[in-house]
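One structure, as structure tokens, below. Some questions next.
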Amino acid sequence: MRRRTATYTSCYGAMTGFLDRADQVLALADTVGIGGRPVLFDGVWNPRPRLGRSSQRTLFCGGSRVSRAHGIAAKPRFGCRSDRLGAVGDAPRQMARTAIDAFLINPHFQWMRENGVLRVFLTLLLAVTFASACGSSGSDGSGTTTSPPSEPPPTEPPPGEPECETGTSYESTYQAIQDIVFERHGCTQDVCHGSSAVGGLDLRADVAYENLVEAPSTASRYPRITPGDKDRSLLWLKLAAKTAPGSVPDVGTPMPSGLPAISEDELELVRRWIYGGAPKTGTSLDTEELVAGCLPEIEPLTITPLTPPAPGEGIQLVMPPWLLEAASEHEICFVSYYDISDQVPPELLIAGGERFRYWSSEMRQDPQSHHLLVNRAAPARVDDPALPPWSCKGGDQAGDSCNPTDLSSCGPDGHCATDFVDGFACLNFADGGFGFGRNEGLPGGSQAAQSFTEFPPGVFSTMPVRGVIVWNSHAFNLTSKDHMMNARVNVYFAGEENSDIQTSGIFDASKIFSPTAAPFEEATLCNDFTFPRNAHLYNLNSHTHQRGKHFTADLSDGTRIYESFIYNDPVSQDFDPPMVFDSADQAERTITFCSLYNNGRNPDGSPNIEEVTRYSRLPQSVFQPGVPGRCQPVACVNAAMIGEPCNGVDDDAACDSSPGAGDGWCDACRITGGESTENEMFLPLGGYYVP
């Protein structure tokens with residue numbers, strides 16, 4: 001729970017509190033990899049670790065720097081503040097920051113740690129710093145020595161005193177929604193969704209969650225809440241219809257009925273909770289800033305697993321779980337083997353029994369994911385000597401060697417898979433033949449916690465009944481706890497009504513890494529896509545990273561048919577009936593996709609050093625061979641010189657506030673295309689068919 005910053009009655013008390021935190025500082029130093037040496041991530045050296053304003057927040061605020069690196073929030077969250085060292089006055093606080101920063105980048109840091117004297121030295125450093133700042137050891141700053149208090153002040157609020165600085169203290173994001181949205185807006189009144197349970201929905205606190213999450217609705221084919229998918233969550237659609245009329249399809253009576261709409265921030269709170277998997281407990285990412293109160297510190301969330309299709313209706317693929325360490329980002333590759341030939345009804349098999357038709361698919365993964373790509377290689381490649389070793393992942397036999405073609409070799413709860421290897425799009429995995437675009441795509445690829453694809457009537461796709469699954473999972477963990485990543489894919493068989501026309505997809509990667517914009521500027525990238533004659537467009541989607549602010553699709557006459565503003569939860573636009581492109585004129589069968597990119601420019605045109613692309617914030621992955629995303633710093637980020645030109649990581653002097661000042665930092669880059677969330681992508685997506 002977010003707690004008050006400790007308030008000390010004397011500089012002695014402040015020093016005492018600081019001595020207790022010495023071990024915390026050292027532990028964080030281990031975590032972020034500081035101390036006059038490069039940062040080591042999975043065997044890849046970041047050649048330019050840098051302490052500065054942002055790293056102060058990382059050191060003392062438990063990960064807000066990591067948060068900003070993924071474009072999640074530009075301000076410290078969960079009670080982290082730049083003055084977390086203690087409320088003892090600005091001067092001693094700044095002296096402490098300066099002293100610790102100077103010490104941690106000292107070249108003797110590592111030697112002192114290895115020889116067991118580091119904690120003692122750090123303790124003395126903090127004590128001397130505060131004694132000097134406060135005027136010897138006195139509490140009034142006058143230089144007069146006074147006796148220390150007999151007991152150090154408490155670091156926790158006294159019993160009965162509230163822990164939350166302002167507002168209400170909530171145990172979870174869901175509990176906040178129950179109070180802020182349902183109760184304050186009258187939804188739980190007896191005549192509404194209280195004892196009357198209008199529409200069969202009781203929203204009173206003791207039963208509301210079970211009545212919402214994955215609960216069927218009497219008024220729609222959608223559940224009331226689908227974890228990870230607001231567009232298939234009837235509750236959110238009804239709330240959005242009232243707050244933002246015209247933004248969602250017609251879903252009947254907007255809610256709250258007969259009462260004022262919930263605010264845009266309250267609607268956004270519900271959206272972020274759903275996007276994060278709609279958990280009953282814990283804090284969903286980036287929801288505290290929308291709550292006038294306090295939430296627990298964020299922890300990794302495990303989404304509710306997809307229920308497998310009933311026998312004869314479909315199959316489920318399960319991604320072997322993998323470890324996502326605390327405060328880390330990884331894009332990994334590995335393979336497993338599948339054979340579902342005995343689960344497909346014989347009448348649905350085609351191509352000599354080697355493939356089957358399907359009409360719908362659904363994927364659900366933990367909300368720490370950035371994306372999941374699922375591809376299939378030929379069955380014979382299970383014996384490829386270039387593959388890493390096979391072993392059981394999860395279950396009682398975790399770590400044991402296994403036979404991938406024996407689907408029972410790891411027991412009922414384990415999965416046989418190769419070792420996990422970091423790498424962009426699997427391009428360097430094994431011999432490179434498993435990389436993205438080099439094998440057949442399987443259903444389940446997504447950039448969100450939940451995705452759902454359903455083809456129009458008569459339309460289908462096909463999938464092999466066996467093969468090697470290539471899993472490309474990219475995820476980041478903004479918390480201080482390790483997490484096992486999970487994902488499941490359901491594939492639903494096509495019946496007679498979906499057996500006429502095979503679908504086609506829009507996946508235009510021709511300019512995927514082309515986005516660019518100078519530091520503190522904006523730029524727009526566009527590309528055209530031309531449909532074949534008589535194409536029927538039934539869906540559009542998009543993919544960018546955090547600096548992609550506005551993605552659009554326009555017809556040749558300028559009519560806008562697609563628009564999305566949230567990079568990590570883009571609009572999936574369905575067209576029912578499909579849009580038909582049947583003109584003999586190619587220009588009239590062309591859509592122009594565009595995306596606006598913002599590289600650290602505030603609405604008033606001023607520079608934003610927290611949002612601009614920064615060399616010092618690039619993840620370890622971009623320093624691996626063949627991975628795009630490295631950038632060349634070309635602008636300063638230090639005060640008084642922000643935006644001034646410089647030339648590379650070794651040109652800090654060009655950013656000095658005065659010649660020889662030594663306070664310069666050349667760190668701002670142009671937007672660079674790449675796989676990480678610090679880089680950018682431009683990817684139009686969609687689905688169509690040709691009868």
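The values are calculated or read from the model by the stated rules, or taken from the named source; none is laboratory data. What you see is a predicted model; the values in this text were computed from it and never measured. Cβ: placed from backbone, ideal geometry, glycine included. Neighbour counts: every protein chain shown. The area values use the complete protein model at the heavy-atom level, side chains included, leaving out ligands, DNA and RNA. Shrake-Rupley method; radii C 1.70, N 1.55, O 1.52, S 1.80 Å.
Based on what the data block shows, is Pro633 open to solvent by 40 Å² or more (accessible area, probe 1.4 Å) and of a type outside the set (Gly, Ala, Ser)?
In short, no.
Now, a different point. Among the residues of segment 433-442 satisfying the criterion of being open to solvent by 10 Å² or more (accessible area, probe 1.4 Å) and assigned to a loop (DSSP other than H, G, I, E, B), which is nearest to Ala378 (Cα to Cα)?
It comes out as Asn439.
Checking the conditions here, which among Gly444, Gly495, Gly458 is within 19 Å of Leu683 (Cβ to Cβ) and of a type outside the set (S, T, N, Q)?
Of Gly444, Gly495, Gly458, the one residue that is within 19 Å of Leu683 (Cβ to Cβ) and of a type outside the set (S, T, N, Q) is Gly444.
Also, I was wondering about something else. With closer than 25 Å to Pro305 by Cβ and either of a type in the set (Phe, Trp, Tyr) or in contact with a Lys or Arg (Cβ under 8 Å, 6 or more places away or on another chain) (or both) as the only criterion, which of Arg271, Arg232 stands out? Walk me through how you get there before you give the answer.
Details: Arg232 fails: either of a type in the set (Phe, Trp, Tyr) or in contact with a Lys or Arg (Cβ under 8 Å, 6 or more places away or on another chain) (or both).
When all the criteria are applied, what remains is Arg271.
While we're looking at this one, here's another question. Do any residues in segment 251-265 that are without any contact (Cβ under 8 Å) to a residue 60 or more places away in the chain have Cβ atoms under 7 Å from those of residues that are in a loop (DSSP other than H, G, I, E, B) and open to solvent by 50 Å² or more (accessible area, probe 1.4 Å), where the two are at least six apart or on different chains, and which pairs are they?
Gly252/Ala219
Given the criterion over 24 Å from His543 (Cβ atoms), free of Cβ contacts under 8 Å to residues at least 60 places away in the same chain and among the small types (Gly, Ala, Ser), identify the matching residue among Ser341, Ser336, Ser391.
The match here is Ser391.
At pLDDT 95 or above, part of a loop (DSSP other than H, G, I, E, B), in contact with a strand residue (DSSP E or B) (Cβ under 9 Å, 6 or more places away or on another chain) and open to solvent by 20 Å² or more (accessible area, probe 1.4 Å): is that true of Asn638 in this structure?
On the way: at pLDDT 95 or above: yes; part of a loop (DSSP other than H, G, I, E, B): yes; in contact with a strand residue (DSSP E or B) (Cβ under 9 Å, 6 or more places away or on another chain): yes; open to solvent by 20 Å² or more (accessible area, probe 1.4 Å): no.
So Asn638 does not fit the description; no.
If you don't mind, another one. So which of Gly445, Gly441, Gly432 ends up being more than 23 Å from Gly228 (Cβ to Cβ) and of a type outside the set (Ser, Thr, Tyr)?
Going through Gly445, Gly441, Gly432 in turn, the sole match is Gly432.
Can you pull out the residues in segment 197-213 that are touching a residue at least 12 places away in the same chain (Cβ under 8 Å), exposed (fewer than 14 other Cβ atoms within 10 Å of the Cβ) and under 30 Å from the mean Cα position of the chain (by Cα)?
Ala205
Go through segment 214-225 and report how many residues are more than 24 Å from the chain's Cα centre (by Cα), hydrophobic (A, V, I, L, M, F, W, C) and closer than 19 Å to Pro305 by Cβ.
Within segment 214-225, residues that are more than 24 Å from the chain's Cα centre (by Cα), hydrophobic (A, V, I, L, M, F, W, C) and closer than 19 Å to Pro305 by Cβ number 1.
Farther than 24 Å from Asp229 by Cβ, open to solvent by 20 Å² or more (accessible area, probe 1.4 Å), touching a Cys at 6+ places or on another chain (Cβ under 6 Å) and modelled with pLDDT under 90: which single residue out of Gly160, Gly141 fits that description? Can you show your working first?
Details: Gly160 fails: touching a Cys at 6+ places or on another chain (Cβ under 6 Å).
None of the others qualify; the one that does is Gly141.
Please enumerate the residues belonging to segment 570-610 that are at positive phi and either of a type in the set (S, T, N, Q) or surrounded by fewer than 18 Cβ atoms within 10 Å (Cβ to Cβ) (or both).
Gly605
Another question about this same structure. Return the residues of segment 510-539 that are of a type in the set (D, E, K, R) and either closer than 30 Å to Val637 by Cβ or surrounded by 18 or more Cβ atoms within 10 Å (Cβ to Cβ) (or both); say none if nothing qualifies.
Of everything in segment 510-539, those that are of a type in the set (D, E, K, R) and either closer than 30 Å to Val637 by Cβ or surrounded by 18 or more Cβ atoms within 10 Å (Cβ to Cβ) (or both) turn out to be Lys511, Glu521, Glu522.
I'm told Ser621 meets every condition in (1) touching a helix residue (DSSP H, G or I) at 6+ places or on another chain (Cβ under 8 Å); (2) in a loop (DSSP other than H, G, I, E, B); (3) open to solvent by less than 30 Å² (accessible area, probe 1.4 Å) except one. Can you identify the failing condition by its number?
(2)
Just give me the residues in segment 407-422 being touching a Ser or Thr at 6+ places or on another chain (Cβ under 8 Å) and either among the small types (Gly, Ala, Ser) or under 23 Å from Ala380 (Cβ atoms) (or both), in sequence order. Break it down stepwise before answering.
Kept after step one, since they are touching a Ser or Thr at 6+ places or on another chain (Cβ under 8 Å), are these residues of segment 407-422: 415-419, 422.
Once the filter is applied, which keeps residues that are touching a Ser or Thr at 6+ places or on another chain (Cβ under 8 Å) and either among the small types (Gly, Ala, Ser) or under 23 Å from Ala380 (Cβ atoms) (or both), segment 407-422 yields His415, Cys416, Ala417, Thr418, Asp419.
Please indicate, with yes or no, whether at least one residue in segment 366-388 is without any contact (Cβ under 8 Å) to a residue 24 or more places away in the chain, surrounded by fewer than 21 Cβ atoms within 10 Å (Cβ to Cβ) and among the small types (Gly, Ala, Ser).
yes
Residue-by-condition table, conditions (1) surrounded by fewer than 23 Cβ atoms within 10 Å (Cβ to Cβ); (2) at pLDDT below 95; (3) hydrophobic (A, V, I, L, M, F, W, C):
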site: Val612; (1), (2), (3): no, no, yes
site: Gly626; (1), (2), (3): yes, yes, no
site: Ile642; (1), (2), (3): yes, no, yes
site: Ala653; (1), (2), (3): yes, no, yes
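Could you tell me whether any residue of segment 668-679 is of a type outside the set (S, T, N, Q) and open to solvent by 50 Å² or more (accessible area, probe 1.4 Å)?
Yes; the residues of segment 668-679 include at least one that is of a type outside the set (S, T, N, Q) and open to solvent by 50 Å² or more (accessible area, probe 1.4 Å).
While we're here: Just checking, which of Ser676, Ser616, Ser621, Ser658 is free of Cβ contacts under 8 Å to residues at least 40 places away in the same chain and among the polar types (S, T, N, Q)?
Exactly one residue qualifies, and that residue is Ser658.
Against the definition (more than 32 Å from the chain's Cα centre (by Cα) and either open to solvent by 70 Å² or more (accessible area, probe 1.4 Å) or at positive phi (or both)), how does Gly660 come out, yes or no?
For Gly660, the condition - more than 32 Å from the chain's Cα centre (by Cα) and either open to solvent by 70 Å² or more (accessible area, probe 1.4 Å) or at positive phi (or both) - is met.
Among the numbered conditions (1) crowded, with 22+ Cβ neighbours inside 10 Å; (2) in contact with a Lys or Arg (Cβ under 7 Å, 6 or more places away or on another chain), tell me where Thr462 comes up short.
That leaves (1) as the condition not met.
Then there's this: Inspect all residues belonging to segment 253-272 and state whether any of them is of a type in the set (Lys, Arg), within 30 Å of Glu165 (Cα to Cα) and either assigned to a helix (DSSP H, G or I) or modelled with pLDDT of 95 or more (or both). Walk me through it before giving the result.
Narrowing segment 253-272 to residues of a type in the set (Lys, Arg): 271-272.
Next, from what is left, pick out any that are within 30 Å of Glu165 (Cα to Cα): 271-272.
Imposing the further condition that a residue be either assigned to a helix (DSSP H, G or I) or modelled with pLDDT of 95 or more (or both) reduces the set to 271-272.
Yes, some residue in segment 253-272 is of a type in the set (Lys, Arg), within 30 Å of Glu165 (Cα to Cα) and either assigned to a helix (DSSP H, G or I) or modelled with pLDDT of 95 or more (or both).
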